[in-house]
Amino acid sequence: MRELKLDVYSLYPDLTDIGPYDYSILVEEVAAGSFLCESYGVRVTSRASGESSQVTNVTVSTSRIDELMDLLVRNQVSPIHLQDVIDDWL
């Protein structure tokens with residue numbers, strides 16, 4: 001599994017108060033017959049406590065994982081609420 005950490009300060013310069021969380025896209029290779037495809041998930045980590053939560057295999061669509069990450073960052077979703085937000089989003 002690879003982890004792509006988002007530089008939220010560069011990606012969201014219009015947000016003045018970005019929460020105390022780090023957001024990452026998780027990338028896994030999944031066998032689909034005779035070829036491999038990428039499956040995307042997310043991880044949220046609290047900068048203060050180090051608490052982390054992740055959900056893997058959310059989507060295989062790059063545009064959908066971008067939409068989800070935008071939702072998480074803009075709403076400052078914490079590790080505790082990550083699963084609930086993804087359940088509602090799906």
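Here are a few things to note about the model shown:
- If the condition is being among the charged types (D, E, K, R) and in contact (Cβ under 8 Å) with a residue 60 or more places away in the chain, then segment 49-77 contributes only 74.
- Any hit, segment 49-64, residues being closer than 16 Å to residue 81 by Cβ and surrounded by fewer than 12 Cβ atoms within 10 Å (Cβ to Cβ): yes
- Looking at 44, 77, 73, 55, just one residue is touching a helix residue (DSSP H, G or I) at 6+ places or on another chain (Cβ under 6 Å) and assigned to a loop (DSSP other than H, G, I, E, B), and that residue is 77.
- Test set (1) at pLDDT below 90; (2) closer than 22 Å to residue 81 by Cα - residue 23 fails condition number: (1)
- Pick from segment 1-48, criterion of a type in the set (Val, Ile, Thr) and without any contact (Cβ under 8 Å) to a residue 60 or more places away in the chain, ranking: surrounded by the fewest Cβ atoms within 10 Å (Cβ to Cβ): 16
- Among residues of segment 4-34 being among the aromatic types (Phe, Trp, Tyr) and under 18 Å from residue 55 (Cβ atoms), the one that is farthest from the chain's Cα centre (by Cα) is 21.
The values are calculated or read from the model by the stated rules, or taken from the named source; none is laboratory data. Note that the structure is a prediction, hence the values are computed from the model and not measured. Counting neighbours? That spans all protein chains shown, and the Cβs are built from the backbone with ideal geometry, glycine included.
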